[in-house]
Each structure stands twice: as structure tokens, then as C-alpha cells.
1. Would you mention how many residues in the range 43-77 are closer than 17 Å to Val97 by Cα, part of a helix (DSSP H, G or I), at pLDDT 65 or above and of a type in the set (A, V, I, L, M, F, W, C)?
2. Mind listing whichever residues of the range 77-135 are small (Gly, Ala, Ser) and within 10 Å of the chain's Cα centre (by Cα)?
Amino acid sequence: MARHPFSLLLLLSLFLLAASALRFHDDNQRPWLQRCRQQVRGERLRHCEQLLMRPRRVRQLLMAEEEEDAVEHLEQCCQQLRGMDDACRCEGLRQIVQRRRQQGRMQGIDVGQMLERATNLPSVCRLSQRRCELRSSRW
């Protein structure tokens, strides 16, 4: 019986040590996440959101002259993405898709289409990071 409290104390100490290490790791990751959130809020990415909600594919929009406003959205979206850190661009695009899906405001576009468009948008904008790895399993 005398060993049981000692074992419990040892187990509790190990748990607290692991929890403090995890908290330290999370605190180290937070500045990056905070910076991305600030950039996404600052850029707002509304032009990218408008572009992702279009019924046509982005590459088709470039060839359709009647879609002049879509080309304007593309130019502005690319400019907004260029104003962000490489690591934050995909996070911003992911947030657009996630927010639209959660709000139920997909306007006839399915999640798969939006994910495909968001994945390829850096390539269309000719950014150094050519693709965003966005997976529907996270939704």
C-alpha cells in the first residue's frame, strides 16, 4: 500500500511534465499561426473568394473576354496572395472554402470544385508555391 501513493505521484509528475512540454510546443507554433491569421484578415481575400465561387474554371475565365470582372478578380486575388507569406496563402484559401461550407453558401459549387480551384490558384497566379495541399477530409 505504501507504493501505491508513490506510483500515483510518479504518474502525476510524468503527466504534468508531458503537458508542460506540449504547452511549450504550442506556444512556439502560435506566432506563425497568429501572423497568418493577421495576414488573412488584412488581405481579406475577397477577390479570391469571388473567384472561387464562379461557375467556370479559373483557366476558362482567362479565355472568356465577356468575363471581364472575373479577370479583374483574378488579378486582384493574385495581388492579395502575393502580399502574404508563402506559408499563409494556402491557409487563407482553406479558410475561404471552410467558411463557405460551414455557412452553407456554396451557390451551386460543390466543395470538391472549390478545393480544386483553391489548390491550383497559386499556379494560375504564377506564385513560387505552385499548389496548395488542401484535403476534403479535414472538412
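The values are calculated or read from the model by the stated rules, or taken from the named source; none is laboratory data. Keep in mind that this is a model prediction, so the values were computed, not measured.
1. The number of residues fulfilling the criteria is 5.
2. Listed by number, the residues that qualify are Ala87, Gly92, Ala118.
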